[in-house]
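Asker: Got a structure for you, written out below as structure tokens; questions coming shortly.
The values are calculated or read from the model by the stated rules, or taken from the named source; none is laboratory data. Just so you know, these numbers come straight off a predicted model, no measurement behind them. Here Cβ is always computed from backbone atoms with ideal geometry, including for glycine, and neighbour counts include all displayed protein chains. Accessible surface areas use protein heavy atoms only, side chains included; no ligands, DNA or RNA. Shrake-Rupley method; radii C 1.70, N 1.55, O 1.52, S 1.80 Å.
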Amino acid sequence: MTAQRWLVSLKTIVLYVLLLVFLTPFLVIIMNSFKTTEQFVDNPLSLPQGLTLDNYTSAWDSMNFWDGFMNSLTITVLSVLVILLFSSMTGYLFVRFKWRVNGWLFFAMLASLALPFQVLMIPLVMLYGNLGLLDSKAILIFMYAGFGVPFGVFTFHGFIKGIPYELEESAFMEGSSRVHTFFRIVLPLLKPVFVTLIVLDVLWIWNDYLLPSLVLLSPDYRTLPLSTYNFFSSYSVDFSPLMAGLIMTIIPVLVMYLFLQKQIIKGITEGALK
């Protein structure tokens, strides 16, 4: 028993050390958000001399935070909804309809997952730029759907295969249509996958900097990650307000997790058991 207790204690200590290692960058950002830029440059690892919200008010004004927040919220919510709707319906189509073309289309979607975005970004921007379709939130949502649907189809495809077809047959016998059966019978059973994809896609789209920087050219359309660019000038960087801006950008996602953590953990656990 003594050896087992020592082993458990050692594992606990290792876990706490790993937790501290992973939290250190976040803690450093929080500390530096309460310093002046001069104090940050002098010693980024020192404790702040006082707690003041001047950096946060400065970041709010410099980032035009509310407009950036609404842009990020609109793009994230609509993109995630489109990804979930189309990927769930496409995954259902691939599983339940044994058309020969479905195998080729599913293979093409899986192959697209292995293609890095950096390979596509220059041709993509040139194509849409020549068509005059850049600087549009709708086009950005369309691109997010294009990049997010293949992984969603792959995830839904494996989960739907585990749903007994007899459930749908019983609904068909009672006169239910294919569309009605999908939305009333199949879709509620996909809740674990929905929760998992919501978490992954929200984190991806909300924090994404590269794709919006290529598509959204107007300052009025900037998302929160793009708004942090306002702290960079030609010869200097205003580090402390930048740190405060990063904290303000992270807070909405943390709040979402705090309110939905039970559903998120339950969804991920059920998805793993499936």
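Asker: Tally up the carbon and sulfur contribution to the accessible surface of the chain as a whole percent, 1.4 Å probe, everything protein left in place.
Answerer: Within the chain, the accessible surface is 71 percent carbon and sulfur.
Asker: How far, in nm, would the chain grow between residue 259 and residue 86 when pulled straight, counting 0.36 nm per residue and subtracting the alpha carbon separation?
Answerer: Answer, rounded to one decimal: 59.6 nm.
Asker: Please name which of 254, 190, 85 has its Cα lying farthest along the dipole of the chain towards the positive end, using unit charges on Cβ (Lys, Arg +1; Asp, Glu -1) and the Cα centre as origin.
Answerer: Toward the positive end, the furthest listed residue is 190.
Asker: Now, a different point. Can you bin the chain into rounded, prolate or oblate? Criterion: square roots of the alpha carbon gyration tensor eigenvalues sorted a ≥ b ≥ c, rounded for a/c under 1.5, prolate for a/b above b/c, oblate for the rest.
Answerer: Oblate, since a/c reaches 1.5 and b/c is not below a/b.
Asker: Quote to one decimal, in nm, the extra length available between residue 166 and residue 21 on full extension: 0.36 nm per residue of separation minus the C-alpha distance between them.
Answerer: Value of the extension gain: 47.2 nm.
Asker: Rank-order 151-158, 118-125, 2-9 by packing density, defined as the average count of other C-beta atoms within 10 Å over each peptide's residues, highest first.
Answerer: 151-158, 118-125, 2-9
Asker: Over the chain, what relative contact order in percent results from Cα pairs under 8 Å that are six or more residues apart?
Answerer: Relative contact order for the chain comes out at 32 percent.
Asker: Heavy-atom accessible area per residue, the chain, 1.4 Å probe: how many Å²? Provide the component values of the computation, followed by the final result.
Answerer: On the way: 17010 Å² over 274 residues.
With all protein chains present, the chain gives 62 Å² per residue.
Asker: With point charges of +1 on the Cβ of Lys and Arg and -1 on the Cβ of Asp and Glu, referenced to the Cα centre of the chain, which listed residue (68, 45, 123) lies farthest in the positive direction of the dipole?
Answerer: Projecting each Cα onto the dipole axis, the largest value belongs to 123.
Asker: According to a simple spin-label model (label point 7 Å from Cα along Cα-to-Cβ), what is the distance in nm between residue 67 and residue 3?
Answerer: About 6.8 nm, to one decimal.
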